[in-house]
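No lab work stands behind these numbers, since they all come straight from the coordinates. As the structure is a prediction and not an experimental result, all values here were calculated from the model. In this analysis, Cβ positions are derived from the backbone assuming ideal geometry, glycine residues included, and neighbour counts consider all displayed protein chains.
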Amino acid sequence: MAEHWSDYTDFVLTSIDKKISTKYKISLKKLLSGPSKFSSQPNIQATIKNLAEEVNSFIDTAIASMPDAKKALADSVLKADAVTRQLSQNISMQAKQHKVPVVTPVSIIRDETKEEIISVNDSTPDVLALVEKLAASSMLVADFSYAYQNASIGSWLFSGHKNYILEVFVPDNDVAMLEASRIEITDLLAAAGVMIAGV
């Protein structure tokens, strides 16, 4: 793994650097690795803004060239949203029956190495029976579901003597990975701009 970002983002950064190497006199990777080294460069804030536009343009172009992956992701997310809605209703009902609070925490500090992670892609009677067992043995249910585009992807922590994570599975997809890299890189660029402004 790269020092400051994920391996996939490292690949994306290398590709962007190749594309923009003749246009800019700085490497995007080097800027993100050590922003303070560029504080004396003229117009660095404008360069950072331009680099953010280059990142968006590169990723938009890459995604446009992958219509099959885009459709597969849309189908997967649509299915995950439907499963999430069904499980969410069932989890709320089971938690209420067993007098277990359901919370949406900002964060929970926990030992993730001691958790069982269960990924599901449907809400069969067996999965609903599992939800009932998990709710019955929990002190609380923490809802870590997240939004992707207009969909909700379910993730719940059932905390008790042993912690269990029940999550709705979405298959790996290049479009989703590119979108995650976009967020990672633009956040790093924004942080670099703030750091340089404070130098």
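From its DSSP helices (H runs of at least four residues, each -39,500 (n - 2.57)), the chain gives a residue-normalised ellipticity at 222 nm of -18500 deg cm²/dmol.
Label zone (Ile117, point 7 Å along Cα-to-C-beta; backbone nitrogen cut-off 19 Å) within region 155-174: 155-160, 162-174.
Of all aspartates and glutamates in the structure, those lying under 16 Å Cα to Cα from Lys18, and not within fewer than 8 positions of it along the same chain, are Asp10, Glu53, Glu54. Counting only lysines at least 8 places from Lys25 when in the same chain, those with an alpha carbon closer than 25 Å to its own are Lys37, Lys49. Beta bridges from DSSP with both residues in region 78-168: antiparallel share about 60 percent, rounded to the nearest 5.
When only alpha carbons are used to place a centre, region 76-114 and region 20-70 end up 38 Å from one another.
Using the Kyte-Doolittle scale, which helices in the chain average at least 0.0 and also have C-alpha atoms spread 18 Å or more along the helix axis, with helices defined as whole DSSP H runs? Membrane-span-like by this rule: 44-64, 174-198. Between the amide H of Phe169 and those of Val120, Asn121, distances stay under 5 Å, these residues lying 5 or more places away or on another chain, with hydrogens modeled in the peptide plane.
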